[in-house]
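Only one structure is covered here, and it is reproduced in the block below.
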Amino acid sequence: MNDLSLPKDATLSDCEHYSIMLCGVMEGVNHLDSEGHSNARVAVAEVAEAMMSELSMALQNLSSQSKPRIQGVEGAEN
């Protein structure tokens, strides 16, 4: 899974690109399911699950980094 991992300091743009890759993997799961390749489908679904977890952690990290600010007041927080 290292080749498909997001960096620890992933940006929102990184997450957007990663989500596009994840959509492609999910399309592969659907295709394999419709073609009756259950063993391959399970393997690809496991990759998709790991990618979803990776994306979730990166988004949580981004969310915790952003602090709400009162508009127009430099350095103020809610």
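Where a number appears in this text, it was derived from the coordinates with a stated rule and is not lab data. Just so we're clear, the structure is a prediction, and the values are computed from it rather than from any experiment. Reconstructed Cβ throughout: ideal geometry from the backbone, glycine too, with neighbour counts over all protein chains shown.
Each other residue within a Cβ distance under 12 Å of residue 14 adds +1 if Lys or Arg and -1 if Asp or Glu, for a net charge of -2. Quick check: residue separation of residue 17 and residue 42 times 0.36 nm, minus the Cα distance between them. What number comes out in nm? Fully extending the segment from residue 17 to residue 42 adds 6.6 nm.
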